[in-house]
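Asker: Quick one: this structure, given as structure tokens, is what I'll be asking you about.
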Amino acid sequence: MSAEQWFKDYVESVYSYILLLVKDSHIAEDLTQDTFLKVVEKSHQFKGDSSVKTWIFKIAYTTTMSYFRKKNPFTYYLNMNVHLRSSYQSSEEIALLNAQEKQFYEALHRLKYSQKQVIILRHIQGFSTKETASILECSEGKVKMSLARSLAAFKKELVKGGVTDETVIRQ
């Protein structure tokens, strides 16, 4: 498979991953572009030890970490792009869903950076424990432990924001 096909297959998920980290759509676009430039430059180095997606996300991760080393990540705020879902009929349901989505992202961004990373990779991007460990360059045990702690912290942040089991619309 070519780097061009990799771009077509993974650009959206890489962009959304980076956007969740940097919270600015323009910066996320730039970092996504930088990621895929590195993918093209280093495509000959892909050995197949992991999936192509894991390898690309590792490049995205290191590209984003380099960005954060150069900039103060706390100067950027979440650029909320709330998408209406046509499956909800009433405007009341749509408004409630949008409020919940905002609470979700606000709670996520109140977490420590390392906690956000593991939740985004495991539960939002759907990587396995092994793939997440490879991307973050740590052991699978650390990913499992970190995920459990991160989810507990995330739940506390959601509760602080007013989210309860009764107020959640499940999709």
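Asker: For region 3-75, calculate the relative contact order in percent as a whole number, restricting contacts to Cα pairs under 8 Å that are 6 or more residues apart. Numbers along the way, then the final one.
Answerer: On the way: 38 pairs, mean separation 24.8, N = 73.
The value is 34 percent.
Asker: How much length is gained if the chain between residue 149 and residue 16 is pulled fully straight, taking 0.36 nm per residue apart and subtracting their Cα-Cα distance, in nm to one decimal? Can you show the working numbers first?
Answerer: On the way: separation 133, 0.36 × 133 = 47.88 nm, distance 2.34 nm.
Net length gain for the segment: 45.5 nm.
Asker: Also: What is the percent of Cα-Cα separations in region 3-75 that go past 17 Å?
Answerer: Of all Cα-Cα pairs in region 3-75, 38 percent lie more than 17 Å apart.
Asker: Need the C-alpha centroid separation for region 1-69 versus region 104-133, integer Å.
Answerer: 16 Å
Rule-based calculations on the coordinates, nothing more; no lab input. The structure presented is a predicted model; accordingly, all values stated were derived computationally and were not measured.
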